[in-house]
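Encoded as C-alpha cells, the structure appears first; notes follow it.
The values are calculated or read from the model by the stated rules, or taken from the named source; none is laboratory data. None of these values were measured; they are calculated from a predicted model. No Cβ is skipped: glycine too gets one built from the backbone with ideal geometry, and neighbour counts run over all protein chains shown. Keep in mind that these areas ignore ligands, DNA and RNA; they rest on the heavy atoms of the full protein, side chains included. Shrake-Rupley method; radii C 1.70, N 1.55, O 1.52, S 1.80 Å.
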Amino acid sequence: YIVHTAFYAGESGEPAFEVVLNYTEGEKQTEAILCGEDTLDWYVKEGEEELGPSAKRSTLAWTGTGKSGMRDQTVRFCITAIDNKYLDRVVETIDLVSPKNQTAGCIIAITVGKKGLLKPMAEKGPEQAKEE
C-alpha cells in the first residue's frame, strides 16, 4: 500500500509517477500511479465534488487543511494497493520514477499488508477518511 498525492496533477490517465519494486532475485515490477485514477492534485479545488480517485485499487486516504499563502486550503492524500506479483521474493529496493511531465508525485508512506484491506470511499464515506 502506498499513500501519495500529486502536485500539478495532469489529465486523467496520465502517469503521475511509477513505483518499481526491485526484488533480490533480479525481478522488477513496475506500477504506474495515474492521475485521476489513482491520485489527484493535493489541493482540493473549491466546489470539487469528487474527492477521491476513480480506480478500484485506490481511494481517498485523508483530507485536512493546509495553507496556500495566507488562506486555508483543503488538501488530500490517496492510497493505492499494489499487488505483489512475486510473493515468494523479498523486495530489496523501491524506485520512484518521474514520467517527466508537469506532475510531481509525493509519497508519504509505503507499507505492506494482506490483499483486500483497502476499503473504497463508498463503503466508509469521506468523514471516516478524514478521521483515519
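In degrees from 0 to 90, rounded to the nearest 10, what is the angle of the helix 121-131 Cα long axis to the longest principal axis of the chain?
So the inclination is approximately 70 degrees.
Quick check of the Kirkwood formula: for region 36-105, what is the inverse mean of 1/r over all pairs of different Cα atoms, in Å? Please list the in-between numbers first.
Numbers: mean 1/r = 0.0692 Å⁻¹.
For region 36-105, the Kirkwood estimate is 14.4 Å.
Of all accessible surface on the chain at a 1.4 Å probe, what whole percent is carbon and sulfur? List each step's numbers first, then the result.
On the way: 4280 of 8230 Å².
Solvent-exposed carbon and sulfur of the chain make up 52 percent of the total.
For all pairs of alpha-carbon atoms in the chain, what percent lies in each bin of width 5 Å, listed from the first bin to the last filled one?
2, 11, 20, 23, 19, 13, 8, 3, 1, 0, 0
So what is the 222 nm mean residue ellipticity for the chain from helices alone, if each DSSP H run of at least 4 adds -39500 (n - 2.57) and you divide by all residues, rounding to the nearest 500 deg cm²/dmol? It would help to have the intermediate numbers written out before the result.
Values: 1 runs with 11 residues, N = 132.
Here the helix-only value at 222 nm equals -2500 deg cm²/dmol.
For Lys119, go through the lysines and keep the ones whose alpha-carbon is under 26 Å away, minus same-chain ones fewer than eight residues off.
Cross-link targets: Lys45, Lys56, Lys85, Lys130.
Counting Lys and Arg as +1 and Asp and Glu as -1, what is the net charge of the other residues whose Cβ lies under 11 Å from the Cβ of Gly66?
Numbers: positive: Lys67, Arg71, Arg76; negative: Asp72.
The answer is +2.
Accessible area per residue for the chain in Å², computed with a 1.4 Å probe and the full protein assembly in place, what is it?
Working: 8230 Å² over 132 residues.
That works out to 62 Å² per residue.
Normalised by the number of residues in the chain, what is the relative contact order in percent for Cα pairs under 8 Å and 6+ residues apart? Can you show the working numbers first?
Working: 276 pairs, mean separation 47.8, N = 132.
After rounding, I find 36 percent.
Let me spell out the model: positive unit charges on the Cβ of Lys and Arg, negative unit charges on the Cβ of Asp and Glu, origin at the Cα centre of the chain. What dipole size does that give, in debye rounded to 20? Walk me through the intermediate numbers first.
On the way: 15 positive and 22 negative charges, 47 e Å.
Here the chain has a charge dipole of around 220 debye.
Mind listing the phi-derived Karplus ³J(HN,Hα) values for region 70-83, rounded to whole Hz, using 6.51, -1.76 and 1.60 with θ = phi - 60°, and x for any glycine or proline?
Taking θ as phi minus 60°, the curve returns 9, 10, 6, 9, 6, 10, 8, 10, 10, 10, 10, 8, 10, 7 Hz for region 70-83.
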